[in-house]
Amino acid sequence: MPNNNEDAIQKLQQRVKKLAAEKSYLQLILQLISKINTVSGLENTIDNLLHAVMDVIGGANLILYYQIDEDIFYTDVYGKKQKLETIADSQVSGVYQTGQPVEYEHDFEDTQLRSAEFTNAYTWVYPLKVGNDLIGVFKMESLHIGMHELQEYLPIFFNYTALILKNEILGFSRLQQINQQLEQEIIRRKQIEKDLRHAKNRAEEASQAKSIFLANMSHELRTPMNAVLGFSKIMQSDPDITDAQRQNLNIINRSGSHLLNLINDILDMAKIEAGRVVIEPEPFDLGEAIRDIVDMMRERAENKHLQLLHVEQSDFPRFVEADPYKFRQILINLIGNAIKYTDTGTVTLWLNVKKHDEADKMWLICEVEDTGVGISPEDQEKIFEPFVQVGKNSAQKGTGLGLPITKKYLSLMGGTLSVRSKTNQGSFFRIELPVRKITATEIMAIKPHQNQVLGLAPNQTLPRLLIVDDNLENRLLLKKILHPLGFQLREACNGLEAVEIFQQWHPHLIWMDIRMPVMDGTEATRRIKAMPLGKNTVIVALTASVFAEQRENLFRAGVDAFISKPYRVDDIFACLHEYLKVEFIYQQPESQALSTPKPLSVEEFKTLPVDLQTQLQSAAAMLDIEQTEQVIAQIPAQNDAIAAGLEQYLQQMDFQAILNLCKSA
Ligand code: ADP
């Protein structure tokens with residue numbers, strides 16, 4: 001029995017020992033778990049795991065191999081971290097393949113760790129799995145404790161570790177993906193920004209090139225058109241041309257005007273697109289402008305047997321401040337369209353006003369109503385886009401630019417354009433435009449309308465005028481306008497010549513073309529204005545330029561005034577009146593019909609001194625304008641009528657008529 005008892009006690013003691021050992025292993029595992037529970041982030045979790053194991057179990061080294069997506073990483077307890085191409089450690093790669101833990105037993109190499117109690121060491125290579133998913137491999141080198149001792153509890157610890165690791169790896173990988181996406185997004189945006197900058201630069205360059213092109217175009221196209229229109233107009237009033245010639249001239253003039261309109265439309269549109277349209281409000285005679293426009297359009301309406309009505313409310317103002325040129329263009333365009341797209345019936349211009357919130361302003365309401373083809377609701381949305389033409393055969397009638405230009409001008413002036421229309425019944429275009437009311441003083445200062453000039457008022461000293469232009473036709477045209485009135489004229493073909501003539505001759509006024517070879521008009525103006533007498537000389541720039549900035553440049557150079565090409569004869573006279581106080585005798589409005597001068601009779605001509613007759617014949621035979629003029633200038637005062645008659649022929653370049661007279665005499 002005692003033996004039995006001793007046996008039993010021994011067994012019991014062994015069991016208690018074992019229980020105590022198991023308890024301490026369980027505590028060990030619980031201690032481990034509690035230590036790795038507390039941090040977040042993949043790197044922190046791994047460091048924490050390695051240090052916790054080191055603290056609790058020890059070991060010569062602890063290494064974690066783990067995967068993120070396709071990549072394998074290495075981290076050990078000493079802080080070494082790297083991404084691996086392959087796993088060189090065959091023990092680890094073996095576990096990667098089998099998915100089973102392996103333990104190696106060996107001597108403690110480290111003498112410091114070796115003790116009486118621990119002579120053997122264990123190296124564990126343990127797979128970290130969540131289900132069948134292998135997350136990584138944990139290698140623990142030279143532990144003093146064998147796997148078998150912790151057998152039951154190890155899976156709990158490693159499963160737990162695997163779960164935490166998987167969680168962190170997933171989070172990290174997602175974060176990395178998001179980061180990558182963000183990086184790509186940033187790269188994409190940077191590229192877009194770069195492309196945009198590039199496109200912006202290119203657009204700016206293109207816009208600049210376009211502006212330069214426009215400035216050149218406007219000069220190159222408008223200057224010759226000036227000559228074509230001017231000369232054909234002059235030739236039209238020649239009494240000696242045949243009907244066929246007159247008809248041809250009409251065609252030249254009409255086609256020229258049409259071409260000029262097209263050029264102007266395209267230039268206007270291009271200027272709008274380049275953002276270079278400047279609104280220039282000034283006090284002007286609105287009533288007269290509207291009357292002029294309606295008179296002008298009436299002829300077109302009557303040609304189509306349409307009635308053009310003009311209905312004006314009594315409070316519609318006569319004078320306002322607005323941009324008169326743009327206003328004209330807007331109204332001409334709308335009335336022109338109404339006539340163009342109406343075959344029978346009436347076109348009506350309704351004029352009205354509306355109160356403005358600001359006391360010194362008012363709204364002009366101008367409506368153009370027609371009984372024409374109308375515009376369908378779908379088309380009504382399109383017609384304000386550039387180059388859009390709707391309806392049948394409209395392509396032959398215009399450029400499709402009128403309405404977009406009109407709308408843009410109105411919006412630049414603070415106004416609006418709207419349309420109502422019914423197919424086959426007619427259209428109704430409405431403008432609302434804010435304008436400033438003007439004062440009596442401003443009204444008095446508005447330039448009077450120039451009637452056709454008959455001649456100069458008596459008792460004036462005749463100023464010296466210098467014409468500077470490289471283009472012969474342009475010089476001739478100005479001479480033809482000015483010479484008959486008796487002005488003293490000289491000509492220069494470029495800026496340098498102009499400066500030289502100025503120094504000898506001191507003209508009162510210079511008509512200055514701007515773009516010329518040798519020396520341009522701006523430079524010549526600068527030089528002349530820098531001379532003592534230059535200050536008193538009026539310099540008028542004749543320019544086809546369309547840009548306000550260029551004008552400002554010219555002002556800075558010293559130009560006193562501008563006349564835009566193609567100019568009206570009235571502009572020239574108005575300028576002479578304004579700057580040199582030249583007084584003209586105007587034709588009365590009632591007798592505006594073109595007066596054809598009485599042809600000179602041979603009898604009259606014969607009364608001229610014979611030597612003058614001979615000189616005249618040789619000058620005319622050579623078609624020499626200057627010399628012919630000089631001879632005419634010598635005709636004595638008592639023969640003024642003959643001089644005027646000859647001047648008339650010369651104006652019309654009719655050398656043949658002069659020669660005929662000389663021969664008959
Ligand atoms: P264009 O007259 O040179 O073609 P617009 O820009 O002035 O160009 O007009 C655009 C289009 O709008 C025209 O082609 C025409 O089809 C239509 N349209 C404009 N005004 C009228 C109108 N009063 N009646 C009918 N259609 C019109």
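The values are calculated or read from the model by the stated rules, or taken from the named source; none is laboratory data. Keep in mind it's a predicted model, so treat the numbers as computed, not measured. Cβ coordinates were reconstructed from backbone atoms using ideal geometry, including for glycine residues, and neighbour counts include every protein chain displayed.
Listed values, structure above:
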item	result
Per-region count, the stretch 375-400, residues more than 6 Å from the ligand (Cβ to nearest atom) and modelled with pLDDT of 85 or more	9
Filter result for Glu321 (charged (D, E, K, R), away from the ligand (no atom under 11 Å from the Cβ) and touching a residue at least 60 places away in the same chain (Cβ under 8 Å))	yes
Checklist (1) β-branched (Val, Ile, Thr); (2) more than 16 Å from the ligand (Cβ to nearest atom); (3) in a helix (DSSP H, G or I) applied to Val277, failing item	(3)
Residue within the stretch 70-93 that is in the same structural domain as Ala121 (by TED's automatic domain parsing), under 21 Å from Gly171 (Cα atoms) and touching a residue at least 60 places away in the same chain (Cβ under 8 Å) present	no
Elements of type strands (runs of 3 or more DSSP E) contained in the stretch 461-569, each with 1 or more residues being more than 41 Å from the chain's Cα centre (by Cα) and surrounded by fewer than 19 Cβ atoms within 10 Å (Cβ to Cβ)	464-468, 488-492
For Leu306: the one exception among (1) more than 15 Å from the ligand (Cβ to nearest atom); (2) buried (at least 18 other Cβ atoms within 10 Å of the Cβ); (3) farther than 15 Å from Phe429 by Cα	(1)
Test: residue in the stretch 27-45 that is modelled with pLDDT of 80 or more and farther than 30 Å from Gly171 by Cα	yes
Selected residue (only one of Ile290, Ile332 is assigned by TED's automatic domain parsing to the domain that holds Met413, modelled with pLDDT of 85 or more, within 16 Å of the ligand (Cβ to nearest atom) and closer than 27 Å to Glu367 by Cα)	Ile332
Lys340 being free of Cβ contacts under 8 Å to residues at least 60 places away in the same chain and within 16 Å of the ligand (Cβ to nearest atom)	yes
Conditions (1) closer than 23 Å to Lys408 by Cβ; (2) within 15 Å of the ligand (Cβ to nearest atom): number failed by Leu351	(2)
Filter result for Asn451 (at pLDDT below 85, under 23 Å from Leu554 (Cα atoms) and surrounded by fewer than 17 Cβ atoms within 10 Å (Cβ to Cβ))	no
Members of the stretch 58-71 found to be surrounded by fewer than 19 Cβ atoms within 10 Å (Cβ to Cβ) and either touching a Phe, Trp or Tyr at 6+ places or on another chain (Cβ under 6 Å) or under 18 Å from Leu143 (Cβ atoms) (or both), listed by number	Gly58, Ala60, Asn61
Test: residue in the stretch 190-206 that is in a helix (DSSP H, G or I) and under 30 Å from Asp71 (Cβ atoms)	yes
Evaluation of Gly41 against (1) under 23 Å from Thr123 (Cβ atoms); (2) surrounded by fewer than 14 Cβ atoms within 10 Å (Cβ to Cβ) (one fails), failing number	(1)
